[in-house]
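Following: one structure in structure tokens, then a few remarks.
The values are calculated or read from the model by the stated rules, or taken from the named source; none is laboratory data. Owing to the predicted nature of the structure, the values given are computational and were not obtained by experimental measurement. Neighbour counts are summed over all protein chains in view; Cβ atoms, including those assigned to glycine, are modelled from backbone coordinates with ideal geometry. Accessible surface areas use protein heavy atoms only, side chains included; no ligands, DNA or RNA. Shrake-Rupley method; radii C 1.70, N 1.55, O 1.52, S 1.80 Å.
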Amino acid sequence: MKKLSLMAVLVLAMAIGLGCPKQPTTGGPGSGREGAGPAGGEQGGAGGGAGDRGDVTSGDARGLKTIYFDFDKYNLRDDARRVLDANAEILRNNPEMNILIEGHCDERGTDEYNLALGERRAQAAREYLIRLGIDPSRINVISYGEERPVAPGHDEESWALNRRGEFVPR
């Protein structure tokens with residue numbers, strides 16, 4: 001009987017563990033893991049695994065390309081700056097085009113934290129474009145947090161693709 005009770009407890013513990021929808025958060029508000037932003041934060045960055053993916057176009061983006069971020073960061077890497085430079089050129093050549101910058105995150109972290117991080121990512125891209133001379137009234141931002149992943153996997157490769165900023169013409 002004692003073995004049966006122990007087995008029941010183990011099965012229950014495994015069921016609870018498998019039923020948790022979120023992975024443990026490795027960083028969060030106040031964890032000190034946040035980047036300091038594009039103005040003074042960590043520059044470049046080799047971690048994260050997305051690499052230089054500036055050749056990926058954001059949906060119906062008329063040539064505008066997606067940028068990627070390191071884990072739990074919103075500072076702009078060198079590859080993201082190159083993509084934003086090219087996106088700014090497209091915007092200069094199309095003065096009637098307004099854009100929506102969508103900030104996205106991977107699935108790690110709470111919903112609230114990822115919404116805030118997605119917002120900071122979109123704002124970092126917006127501020128960079130404004131510094132390049134793009135009229136702020138042409139650029140809106142929104143955060144989808146982790147709600148719209150492009151890669152459904154639960155591994156670093158998928159997470160790296162999901163930590164992004166997309167540019168949608170309006």
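Could you tell me which numbered condition residue 131 fails, if it satisfies all but one of (1) farther than 15 Å from residue 162 by Cα; (2) touching a residue at least 12 places away in the same chain (Cβ under 8 Å); (3) among the basic types (Lys, Arg); (4) open to solvent by 40 Å² or more (accessible area, probe 1.4 Å)?
The single condition residue 131 does not satisfy is (2).
Quick check, is residue 166 open to solvent by 50 Å² or more (accessible area, probe 1.4 Å), out of contact with any helix residue (DSSP H, G or I) (no Cβ under 8 Å at 6 or more places or on another chain), of a type in the set (Asp, Glu) and modelled with pLDDT of 95 or more?
no
Working only within the stretch 134-146, note down all residues that are touching a residue at least 24 places away in the same chain (Cβ under 8 Å) and either crowded, with 20+ Cβ neighbours inside 10 Å or not hydroxyl-bearing (Ser, Thr, Tyr) (or both).
134, 138, 139, 140, 141, 142, 143, 145, 146
Kindly establish whether residue 96 is under 15 Å from residue 61 (Cα atoms) and either open to solvent by less than 50 Å² (accessible area, probe 1.4 Å) or in contact with a Lys or Arg (Cβ under 8 Å, 6 or more places away or on another chain) (or both).
No; evaluated as a whole, the condition is false for this residue.
Among residues belonging to the stretch 57-77 that are assigned to a loop (DSSP other than H, G, I, E, B) and surrounded by fewer than 17 Cβ atoms within 10 Å (Cβ to Cβ), point out the one that is modelled with the highest pLDDT.
By that ranking, first place goes to 63.
Check off (1) touching a strand residue (DSSP E or B) at 6+ places or on another chain (Cβ under 9 Å); (2) surrounded by fewer than 21 Cβ atoms within 10 Å (Cβ to Cβ); (3) charged (D, E, K, R) for residue 102 and give me the number that stays unchecked.
(2)
Please identify the pairs in which a residue from the stretch 106-122 that is under 14 Å from residue 69 (Cα atoms) has its Cβ atom under 6 Å from the Cβ atom of a residue that is surrounded by 19 or more Cβ atoms within 10 Å (Cβ to Cβ) and of a type in the set (A, V, I, L, M), counting only partners at least 6 apart or on another chain.
Final answer for the pair search is 122/101; 122/141.
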